[in-house]
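Student: This is the structure I want to talk about, given as structure tokens.
The values are calculated or read from the model by the stated rules, or taken from the named source; none is laboratory data. Here the structure is a predicted model, which means the values were calculated and not measured. All Cβ positions, glycine included, derive from the backbone under ideal geometry; neighbour counts span all protein chains shown. Areas reflect the complete protein model, heavy atoms only, side chains present, ligands, DNA and RNA absent. Shrake-Rupley method; radii C 1.70, N 1.55, O 1.52, S 1.80 Å.
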Amino acid sequence: MKAPRRSDTDAQLEEEIPIHKSRLPLWRTSAAIGSANTSYAMLRACGAAAPASVPALVRARLARPASASAVASSSALEELAADRKGLARVVLKKGKTQIFRDGSPMVYSGAVDRIIGRPPPKTGDVVLVADGSEKPIGWGVYNSVSMFCVRLMQLEEEAKRDPASALNMERLLEERLCSAVDLRRSLGFPSTNTNAYRLINSEGDRLSGLIVDIFADVAVIASSAAWVEKYRQQIQSLVSKVSDVKHIKWRSSTDILKEEGLDMSEQKEPAPSSYSGTVKVMENGIVYLVSMEGQKTGFYADQRESRHFISTLSKDQRVLDLCCYSGGFALSAAKGGATNVTGIDSSGSALDLANENILLNKLDAERISFLKEDATAFMKGAISRNELWDLVILDPPKLAPRKKQNPLSRSQTVCTLEVLNQQLFYVLQSASGMYRSLNALAMQVVKPGGLLMTCSCSGAMTQSGLFLKTIQHVKLKIHRRFAMNIHGPFSFFSYWHAY
């Protein structure tokens, strides 16, 4: 990862979203932006009262006396660390500190200069994160194997305001979950036309590696970090107390966790996640069947606002939904008045759900259809036939591999920073090539005057800023002109206008 020089994207975000200029960390505001445009994140951070609709548990947490957080010191973490023997310190390289002060929670290996501590910290240990002078800027959870050396949990200034949560994962988890519930209730979720939504949005809710999606009365918890598995019992207990949640499904991302140093086949199952089958949900008035065994949590709840936006663009348009999964964008386009919608996916089970969703929503099968085909092969065929669409959606699964396949022997338990840097370089280069190939094809099936919506769910691409740069590079290489109209928070998606 390159030094945290302020990019054009960062500057544009600061112009478009003034909340980022406050002292609120970016990771807190992103939860609000990802759910809906709201200033409530600022009200919450400033201690505003919760609305009456917020559950009593949350109101009680928000109403706690301010005196406990009013204790200020020159370095709250230094004082707390003095009572914690063996607490290691991860020291950042010169010039790498500000990006984390600004809110980026993922401390990549390339940002780390040295680790102070004897014995060295183990995966799952709480550690201090310090600047070049070894002064703490925050604390987080360490991983000796992952290319994410530390997942930051709290900054120094927050520790001053709330010392009870500093260096205390159990207390912090409770506070963060309550805050997430509070925010979603203030945004009106669940509602009469939407009972599928993301309750915990990983970095967006400052719990990196943890996703919690609510589908009617089922909470699906997705774990992609070693620390999440360590605190599994407490997380399940807290989520079970959320109103309307009657069932919990725990889904461990086995491949990712293996790269976090956990072999899930060797882990003792603490409690069965028995809920299976499908659950019927509603989002923006559209009914979906969600499979508990489907991709990720079973449904891409984080794309709710994007699906709604697509519906507003689709009237009288010919729409192509690539990597459509269970048909989220395609169904939204059809509901929005598209004249013809085609969804493409290589998964037969996903398309079974998509076709059932057509029936559930009583849509005209003549206007919307789904085809089982590889997206690349389909686009190449469409280009050879000179077939074009008014609106193209490209939302592929994660393309960035977590790290190179065999950089270390399996017997090694600690990666050197040099090897981790090599892994990160490989991730970015490999993903960039795949995004280039897909988007080069997608741009060639958009009509002049049409729109391309292109997405990335690869964290290494979006957090490095490489996703947007890759798309900009592609448009220079093909014989078509595109102008970017709008991009989502932190470049997870972009809309490009062909001309």
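Student: Mind listing the long-range amide H neighbours of residue 129? Cut-off is under 5 Å, sequence gap 5 or more, other chains count too, H placed in the peptide plane at 1.01 Å from N.
Tutor: For residue 129, whose amide H was placed from the backbone, the distant partners under 5 Å are 90, 137, 138, 139, 140.
Student: Okay, moving on. Using only the Cα atoms of segment 250-383, build the gyration tensor, take square roots of its eigenvalues as a ≥ b ≥ c, and label the shape rounded, prolate or oblate: rounded if a/c is under 1.5, else prolate if a/b is larger than b/c, else oblate.
Tutor: Since a/c reaches 1.5 and a/b is larger than b/c, the shape of segment 250-383 is classed as prolate.
Student: For residue 339 and residue 469, what does the FRET efficiency come to when R0 = 35 Å and r is the distance between their Cβ atoms, rounded to the nearest 0.05?
Tutor: The value I calculate is 0.50.
Student: If you roll a 1.4 Å probe over segment 168-266 with all protein chains in place, what percent of the accessible area is carbon or sulfur?
Tutor: Ligands and nucleic acids excluded, carbon and sulfur give 42 percent.
Student: Based on the alpha carbon coordinates of segment 168-266, what radius of gyration and maximum Cα-Cα distance (Dmax) apply, in Å?
Tutor: 13.5, 43
Student: Then there is this: Just to check I understand the Karplus step: with θ = phi - 60° and J = 6.51 cos²θ - 1.76 cosθ + 1.60, what whole-Hz values come out for segment 280-285, glycine and proline as x?
Tutor: For segment 280-285, the Karplus curve yields 8, 10, 10, 9, 6, x Hz.
Student: On a C-alpha basis, how far is the centre of segment 175-245 from the centre of segment 431-457 in Å? Whole number, if you could?
Tutor: Here the answer is 32 Å between Cα centres.
Student: Expressed in nm to one decimal, what extension gain is obtained for the pair residue 254 and residue 164 from 0.36 nm per residue of sequence separation less their Cα-Cα distance?
Tutor: This chain segment gains 29.1 nm when fully extended.
Student: At q = 0.10, 0.15, 0.16 Å⁻¹, what is the base-10 log of I(q)/I(0) for segment 70-164 according to the Debye formula with one equal point scatterer per Cα and no solvent? Please give it to two decimals.
Tutor: Results for segment 70-164 at q = 0.10, 0.15, 0.16 Å⁻¹ read -0.22, -0.51, -0.58.
Student: What ³J(HN,Hα) values, in whole Hz, does the Karplus curve 6.51 cos²θ - 1.76 cosθ + 1.60 give for segment 92-107 when θ = phi - 60°, with x put for Gly and Pro?
Tutor: Going residue by residue, I get 7, 5, 4, x, 9, 7, 4, 4, 7, 4, 6, x, 5, x, 9, 8 Hz, with x marking Gly and Pro.
Student: I would also like to ask the following. I'd like to check one number: the per residue accessible area of segment 88-165, probe 1.4 Å, reported in Å² as a whole number.
Tutor: 33 Å²
Student: Right, something else. Please list the non-local residues whose amide H lies under 5 Å from the amide H of residue 219, H modeled 1.01 Å from N, same-chain partners needing a gap of 5 or more.
Tutor: Hits under the 5 Å cutoff: 246, 247, 248, 249.
Student: Could you derive backbone 3J(HN,Hα) for segment 167-174 from the dihedral phi with the Karplus parameters 6.51, -1.76 and 1.60 (θ = phi - 60°), listing whole Hz in sequence and x where the residue is Gly or Pro?
Tutor: My calculation for segment 167-174 gives 6, 10, 5, 4, 5, 5, 4, 4 Hz in order.
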